[in-house]
Amino acid sequence: MSTKTGEGFSSSFGAIMAAAGSAVGLGNIWRFPYICGKYGGGAFLLVYICFVFLIGMILMMSEFVIGRRTGEDPMKAYPLLRPHRPQWKYVGFLGLVTCFLILAIYLVISGWTLNYFWESLTGTLASIPDNGFKEHFESFASSTFRPVIFVIAFLVFTTLVIIGGVEKGIERVSKLLMPFLVVLLLVMCVRSLTLDGASTGLAYLFQPDFSKLTGEGVLAALGQALFSLSVGMGVMIVYGSYLPVDDNILKTSVWITICDFAIAILSGIAIFPAVFACGQNPSEGPGLVYQVLPVVFNSFGNIGRIFSIVFFLLLSLAALTSAISLLEALTQWLSGEKIKRTPSAIIMSLMVIALAIAASFSYGDGILSGMKIGGMQLFALLDKLTGTLLPPICALLTIIFFGWFMKKEDIMDELSNHGTLGIGYFKVFYYFLSRFVAPAALLIVLLAGILG
Ligand code: TRP
């Protein structure tokens, strides 16, 4: 089937870079290390690996299959594959709503990152004393105008790439940025590993301590695996609809998953040894990157300033390619015969910026911090919904549709590229995982997390 807009990626390499660009983001570099730190380092890592390869990767393949088979946006794709049950479109809708919420909070954090990049460049961060970073971060994030300016700047970059199109915008930018990002990260790892006491940080990351791994930690590992791979919310259905017809979906998904996982681990290797070497607290939470790392950078003197610039640039670029995928999903959904790509992208950007600004105002002591929804500030509510709750729910519905409601012949035909690829046992194993293992695991962890 041809795609809805006639657009698509030009090659498998381009598709892998774009989808890896979506997957690799704040989730890998900002979120993974602090969550891992919070739930016991190595023990969390073990559970995380299982979820990434047994559930996350399976979902990615499934979304690619659904996307390429139909060439449609998530809301149209489900009913197209199951014409007698049009209510499946609501799963697509729930995914898109989740994307909208994720994008709003993502923009706020990306704005912080861009500000830190700017402050590294201008030397502001270098002039702050070690014990001043917590306050610096809190007062910046709670202020009214400054964060918003950076959020808007970030969204403008994102929107421009989307307007550029799938191949000329998304694919081109991802092909350029992803390899650059890996190089920057490797440089950071080398520096971190050559510090005195680096081994304590490595032991923290790799040595399992199961006493710290709670039920909540297991749910967090699942939420993180889904969030990090950008799966469950339909974004990969969208990218799947842009995959070349001869692309080998199994292979592509394995590569993207390995890439995403490797970058999370490398971020841990870049961050933990440095944090320990400077006597900082590794389980600082969301502030790890903004409150702890600047102390680490300042302790390196002038060279630290360069590392600070490199690090926050890296984080901003990783966030950019992810934000692009989220906005693309929303844009593709809105655009059609009546509304073209450019106005769709602009309308969606305006809608999401309103929520992002409200979320920014609600953070810390911001001007909207008194506004409570269900007892929570808007920022905290969005964080909870998008970080742990909605992704597993969307993912569960997606995998149930895939394993139980889609025609097996359609799946096998798509996986074997209409019979041109023989992929033998793996296909059968994969089908088994997607029918039984992944849904059962998702259901158990979700129930345990909600009830416990
Ligand atoms: N995976 C991205 C990250 O790790 C975030 C992201 C981008 C995402 N697109 C998504 C998460 C779609 C869920 C769904 O930062």
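Here are the numbers for the structure shown:
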{"read-out": "Angle between the chain longest axis and helix 42-51 axis [Cα atoms, degrees, rounded to 10]", "value": "20"}
{"read-out": "For the range 211-246 and the range 73-114, distance of Cα centres in Å", "value": "13"}
{"read-out": "Cα Rg over Rh - the range 12-451, Kirkwood", "value": "0.96"}
{"read-out": "Net +/- balance of residues flanking L46 in space, Cβ distance below 15 Å, scoring K and R +1, D and E -1", "value": "0"}
{"read-out": "Gain upon complete extension [V97, T194; 0.36 nm per residue less C-alpha separation]", "value": "30.5 nm"}
{"read-out": "Neighbour net charge for I411 - beta-carbon separation under 14 angstrom, K R +1, D E -1", "value": "+2"}
{"read-out": "Normalised contact order of the chain, rounded percent, pairs of Cα under 8 Å and 6 or more residues apart", "value": "34"}
{"read-out": "Å² per residue, accessible surface of the chain at 1.4 Å", "value": "38"}
{"read-out": "Virtual spin-label span in nm between L160 and I128, 7 Å along Cα→Cβ", "value": "2.7"}
{"read-out": "Radius, Kirkwood style, for the range 324-422 when every pair of distinct Cα atoms is counted (Å)", "value": "17.1"}
{"read-out": "FRET efficiency, 1/(1 + (r/R0)^6) with R0 45 Å, evaluated for V437 and E135 via beta carbons", "value": "0.40"}
{"read-out": "Rounded percent of accessible protein surface that carbon and sulfur make up, the chain, 1.4 Å probe", "value": "68"}
{"read-out": "Given K168/K338; K89/K408; K251/K408; K38/K372; K340/K427; K338/K407, the pairs whose alpha carbons are separated by over 30 Å", "value": "K340/K427; K338/K407"}
{"read-out": "Helix 215-229 vs. the chain, principal-axis angle (Cα, 0 to 90°, nearest 10)", "value": "70"}
{"read-out": "P(r) tail fraction, the range 270-318 - alpha-carbon pairs more than 13 Å apart, %", "value": "54"}
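The values are calculated or read from the model by the stated rules, or taken from the named source; none is laboratory data. Since we're looking at a predicted model, the values are computed, not measured. Virtual Cβ from ideal backbone geometry, glycine too; neighbours counted across all protein chains shown. Each accessible area value is taken on the protein alone, full model and side chains, heavy atoms only, with ligands, DNA and RNA left out. Shrake-Rupley method; radii C 1.70, N 1.55, O 1.52, S 1.80 Å.
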